[in-house]
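Have a look at the structure below before the remarks.
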Amino acid sequence: MSARKILIITNRVPYPLNDGGNLATQAMIDGYKVSGWDVYLLAMNTSKHFIRHNVLETLYKDIHKFNWMDINNDIKATGIIKNYLFSEEAEHVARFYNSDFENKIISALNEFKPDVVQIESVYLTTYMPAIKSNSKAISVLRMHNIEYHIWHSLANKSRNILKKNYLTNLTKRLKRFERDAWKQYDIVLAITEKDAAHVRKLENIPGLLVAPFSMDTSKIKVSDTEQKWVGYHIGAMDWIPNREGVKWFLTEAWPRIHKAAPKFEFFFAGRKMPSEFMQMNIEGVQCLAEVDNAADFIADKKILIVPISSAGGIRVKILEAMAAGKIVISTPFGIKGIEAKMGEHYLTATTPDDFMRAIKWCLKNKPEAEQIAVNARELVTRKYDYRKVIKDIIEEIDSQMKLRL
């Protein structure tokens, strides 16, 4: 029996493996591959996340095929204004449509003849008419977030009236677009049960399945390096929830933490680090900008700080930290969607005083805090290993295929 085939289409090359979106896509690729599927990865090499061609040519040698197309999707003020005034489509959606990329998808469908086409971003739903016209493959959408939730939260927090109006309008457009998009797929993979519940509330999607971020937990070890009881944060700083969360933590929470625990230190890193962070001179805080190896960065640090106040992608970093035996102190937004219990698998904090008290508790109760880290690692190993997640997805694909017989 020949191997089954899947075409995975992404709105960026999932490399390097130093942020949540890339790691999540890589877990999908690995899951299908170890399950015996032929995997064809077709990616946009966008101007925002551009990878040099000499690097691309070295990637994904262990799958059936990897192909890409350079796409300029830079944000331009004129484009935003024109879209706002003369279009009903969300500008975020328009930036990811490219007729040449559509032709590349059609060529891949005709050449590869996949059994399944998996779309790794709701923004790529604009290509679904072409996909359906050229293939009878099962269609799968993997939701990394409910996008309009993110922009709704940012609109509510904005104090600039023009920005607030724009974000509110964008939220309405994205909500309309996403609701229509979900209905175009045979299977919709929600990354959390809460996201799935929200989809069910708005639309009847028979093929809706919860498929959380997953990882090869056997490859994530508790560091042999002596771990210092210091705090850290790592995340892409071009992602607004990360940037705003860290800024709030440094300006609002850190002064109280440093006063209560003067020897406690905080380290943070991430790509696209704003210059204002690099130029800060805060006692006890170190900004390392982008690091070459995230695992090396976190190896000697014990406490992950997650000060996210709107929906974001930090969940991946939380799961990685738990798998590596770290203690997690997170806002409710940061931990959202992870089936963990407060006080058993993590500590929660919302206000500056909450973060201060949680950190002081860890420093004064190290054995108890260490047990929380042990519990969290066991949870991740049991629930978030990629072998379990991909098994559930393939079972749903099989069910959809049987309906077509």
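The values are calculated or read from the model by the stated rules, or taken from the named source; none is laboratory data. Computed from a prediction, not measured in an experiment: that's the story for all the values here. For neighbour counting, all protein chains shown are included, and Cβ atoms are generated from backbone atoms with ideal geometry for every residue, glycine included.
Annotations for the structure displayed:
- Residue identified as of a type in the set (D, E, K, R), in contact with a Lys or Arg (Cβ under 9 Å, 6 or more places away or on another chain) and under 17 Å from residue 355 (Cβ atoms) among 265, 290, 276, 320: 265
- For first residues located in region 92-119 and over 30 Å from residue 151 (Cα atoms), partners that are modelled with pLDDT under 95 and not in a loop (DSSP other than H, G, I, E, B) and lie 6+ apart or on another chain with Cβ distances below 7 Å do not occur.
- Within region 64-75, the set of residues being at pLDDT 95 or above and either under 15 Å from residue 166 (Cβ atoms) or basic (Lys, Arg) (or both) comprises just one member, 65.
- For region 41-63, the count of residues that are surrounded by 15 or more Cβ atoms within 10 Å (Cβ to Cβ), in the same structural domain as residue 398 (by TED's automatic domain parsing), at pLDDT 95 or above and farther than 29 Å from residue 315 by Cβ is zero.
- Scanning region 223-246 for residues that are in contact (Cβ under 8 Å) with a residue 24 or more places away in the chain and more than 14 Å from residue 304 (Cα to Cα) yields a total of 11.
- Helices (runs of 4 or more DSSP H) fully within region 76-150 counting 3 or more residues that are modelled with pLDDT of 95 or more, closer than 26 Å to residue 31 by Cα and not aromatic (Phe, Trp, Tyr): 99-112, 128-134
- Contacts under 7 angstrom Cβ, first residue in region 170-198 being in the same structural domain as residue 390 (by TED's automatic domain parsing) and surrounded by fewer than 23 Cβ atoms within 10 Å (Cβ to Cβ), partner among the charged types (D, E, K, R) and not in a helix (DSSP H, G or I), 6 or more apart: 173/88; 173/89; 179/203; 182/203; 183/203; 192/336; 194/336
- Looking only at region 119-143, and only at residues there that are more than 16 Å from residue 42 (Cβ to Cβ) and surrounded by 21 or more Cβ atoms within 10 Å (Cβ to Cβ), the one that is farthest from the chain's Cα centre (by Cα): 138
- Check on residue 40, assigned to a strand (DSSP E or B), among the hydroxyl-bearing types (Ser, Thr, Tyr), touching a residue at least 24 places away in the same chain (Cβ under 8 Å) and under 27 Å from residue 178 (Cα atoms): yes
- Residue match in region 172-188 (condition: β-branched (Val, Ile, Thr), within 17 Å of the chain's Cα centre (by Cα) and closer than 26 Å to residue 357 by Cβ): no
- Residue list for region 291-311, restricted to those being out of contact with any strand residue (DSSP E or B) (no Cβ under 7 Å at 6 or more places or on another chain) and surrounded by fewer than 16 Cβ atoms within 10 Å (Cβ to Cβ): 292, 293, 295, 296
- Residue ID - nearest to residue 152 (Cα to Cα), chosen from residues in region 171-207 that are in contact with a Leu (Cβ under 8 Å, 6 or more places away or on another chain) and aliphatic (A, V, I, L, M): 199
- For residue 151: the one exception among (1) closer than 30 Å to residue 7 by Cβ; (2) surrounded by fewer than 19 Cβ atoms within 10 Å (Cβ to Cβ): (2)
- Candidate set from region 204-233 (those that are surrounded by fewer than 16 Cβ atoms within 10 Å (Cβ to Cβ) and β-branched (Val, Ile, Thr)); member that is modelled with the highest pLDDT: 222
- Filter result for residue 259 (out of contact with any Gly (no Cβ under 9 Å at 6 or more places or on another chain), within 15 Å of residue 355 (Cβ to Cβ), basic (Lys, Arg) and modelled with pLDDT of 95 or more): yes
- Comparison of 4, 12 shows that the only residue that is within 21 Å of the chain's Cα centre (by Cα), modelled with pLDDT of 95 or more and within 30 Å of residue 136 (Cα to Cα) is 12.
- A single entry from 249, 264 fulfils the requirement of being surrounded by 16 or more Cβ atoms within 10 Å (Cβ to Cβ) and in a loop (DSSP other than H, G, I, E, B): 264.
- All positions within region 3-24 that are of a type in the set (Gly, Ala, Ser) and in a loop (DSSP other than H, G, I, E, B): 3
- Here residue 390 passes the criteria (1) in contact with a strand residue (DSSP E or B) (Cβ under 9 Å, 6 or more places away or on another chain); (2) surrounded by 14 or more Cβ atoms within 10 Å (Cβ to Cβ) except the one numbered (1).
- Within region 262-316, being modelled with pLDDT of 95 or more and among the β-branched types (Val, Ile, Thr) holds for 282, 285, 303, 305, 306.
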